[in-house]
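Written below as structure tokens is the structure these notes are about.
The values are calculated or read from the model by the stated rules, or taken from the named source; none is laboratory data. Predicted, not measured: the structure shown is a model, and the values here were computed from it. No Cβ is skipped: glycine too gets one built from the backbone with ideal geometry, and neighbour counts run over all protein chains shown.
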Amino acid sequence: MLTLSILALAGAVLFGCSHEAATMKIDEQLSKQLRETSAPGRELAVIIELEPGADVAMLRSAGVKVNRVYENISAVAATITADLVPRVAALPQVKRIELDTEARVLGPR
């Protein structure tokens, strides 16, 4: 947890977002995985929700590998290293970062 806090604080300073705001943008499951990983360079599949009108190029320039840009929502599917998550969360154009997991519909088909 201390590592995540230090990285979020560093990202907040670099990108002009408060430490608390950057930490709140990171999904609980992703935060848990970041706390449990000992490899900061480990790649993670994530969904990054953006503010409307945000330019995806700023993610790429921050080191994010954008795999897919969604048309109907302001979000991208991306690959990001664990150590980069707090810095990207500190970007003002980023609303939320969460693990990219498979979603299923419950109920009859």
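Out of (1) more than 15 Å from Ala90 (Cβ to Cβ); (2) modelled with pLDDT of 95 or more; (3) more than 12 Å from the chain's Cα centre (by Cα), the odd one out for Ser61 is which?
Result: Ser61 fails condition (1) only.
Does region 14-34 hold any residues that are of a type in the set (Ser, Thr, Tyr) and either surrounded by fewer than 11 Cβ atoms within 10 Å (Cβ to Cβ) or at pLDDT 90 or above (or both), and which are they?
Ser31
Would you mind listing the strands (runs of 3 or more DSSP E) fully within region 62-109 where at least 1 residues are more than 18 Å from Ile26 (Cα to Cα) and among the aliphatic types (A, V, I, L, M)?
65-69
Working only within region 35-61, note down all residues that are of a type in the set (A, V, I, L, M) and part of a strand (DSSP E or B).
Leu44, Ala45, Val46, Ile47, Ile48, Leu50
Could you figure out which of (1) at pLDDT below 90; (2) within 12 Å of Val88 (Cβ to Cβ); (3) touching a strand residue (DSSP E or B) at 6+ places or on another chain (Cβ under 9 Å) isn't true of Thr37?
(2)
Quick check on region 78-109: of everything there that is under 9 Å from the mean Cα position of the chain (by Cα) and free of Cβ contacts under 8 Å to residues at least 40 places away in the same chain, which residue is surrounded by the fewest Cβ atoms within 10 Å (Cβ to Cβ)?
Taking the candidates together, the pick is Leu84.
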